[in-house]
Amino acid sequence: MPNYRRAFVPGGCWFFTVNLHDGRQTLLVDRVDDLRDAVTATQRAHRFDINAFVVLPDHLHAILSLPPDDSDFSMCWRLIKSRFAKALPNVERRSTVRVSRNERGIWQHRFWEHLIRDEADYARHVEYCWINPVKHGLVARVSDWPHSSFHRDVRAGVVPADWGGNVAMEGEFGERR
């Protein structure tokens, strides 16, 4: 069994991959307004900055930064997942274990996180968020995917609207294989 440890760094910046329990579902884009509401409510209650965010049908990627006195990103994800689940009708198939624990069958139990190490690492993970819908064949151009912070960054002048990403996306990003 691996000796898994999370890196809790007050004020840190992390890249996350969060998956639905059933990878065949499209709940995240079908109910994107509910997801947006869950993120907004959690952000109001527990301060964090959204550096990048992309929502795909069955998973999402995000880069979040916490304030200098906080390292509890797990609580943020627990609240986001819970708020999103509560907005949905309770119709999903659940295992006996999930029923006994009074858990919904919407999200995978855990998430994948990576502590951002430096500016190059940050840039690589932001670009991964932007290019991910293209990588999955959902759109031909980054600008065509509506559920991405790419559009916010274009409006802010961070990146041109025609950015296509001639970037080799190598490394671990927490995606299903």
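The values are calculated or read from the model by the stated rules, or taken from the named source; none is laboratory data. Here the structure is a predicted model, which means the values were calculated and not measured. Note that we place each Cβ from the backbone using ideal geometry, even for glycine, and neighbour counts take in every protein chain shown. With ligands, DNA and RNA removed, areas are computed over all heavy atoms of the protein, side chains included. Shrake-Rupley method; radii C 1.70, N 1.55, O 1.52, S 1.80 Å.
Only one of the numbered conditions (1) polar (S, T, N, Q); (2) at pLDDT 95 or above; (3) buried (at least 16 other Cβ atoms within 10 Å of the Cβ) is not met by Ser71, and that is (2). Where helices (runs of 4 or more DSSP H) sit wholly within segment 95-177, those with at least 1 residues that are of a type outside the set (D, E, K, R) and modelled with pLDDT of 90 or more occupy 119-135, 150-155. Beta carbons closer than 9 Å, at least 6 apart along the sequence or on distinct chains, pair a first residue in segment 65-83 that is in contact (Cβ under 8 Å) with a residue 24 or more places away in the chain and within 16 Å of Ile50 (Cβ to Cβ) with a second that is among the acidic types (Asp, Glu) and open to solvent by 40 Å² or more (accessible area, probe 1.4 Å) for Ser65/Asp49; Leu66/Asp49; Leu66/Asp72; Pro67/Asp49; Arg83/Asp37. Exactly one residue out of His61, His46 is open to solvent by less than 40 Å² (accessible area, probe 1.4 Å) and either closer than 25 Å to Gly105 by Cα or not polar (S, T, N, Q) (or both), and it is His61.
Against the criterion of being touching a residue at least 24 places away in the same chain (Cβ under 8 Å), among the charged types (D, E, K, R) and surrounded by 14 or more Cβ atoms within 10 Å (Cβ to Cβ), Arg124 qualifies. Considering Val29, Val39, the condition of being in contact (Cβ under 8 Å) with a residue 60 or more places away in the chain and out of contact with any Gly (no Cβ under 7 Å at 6 or more places or on another chain) is satisfied by Val29 alone.
The set of residues in segment 1-25 that are open to solvent by 60 Å² or more (accessible area, probe 1.4 Å) and either over 18 Å from His109 (Cβ atoms) or out of contact with any strand residue (DSSP E or B) (no Cβ under 8 Å at 6 or more places or on another chain) (or both) comprises Met1, Pro2, Asn3, Tyr4, Arg5, Phe8, Pro10, Arg24, Gln25.
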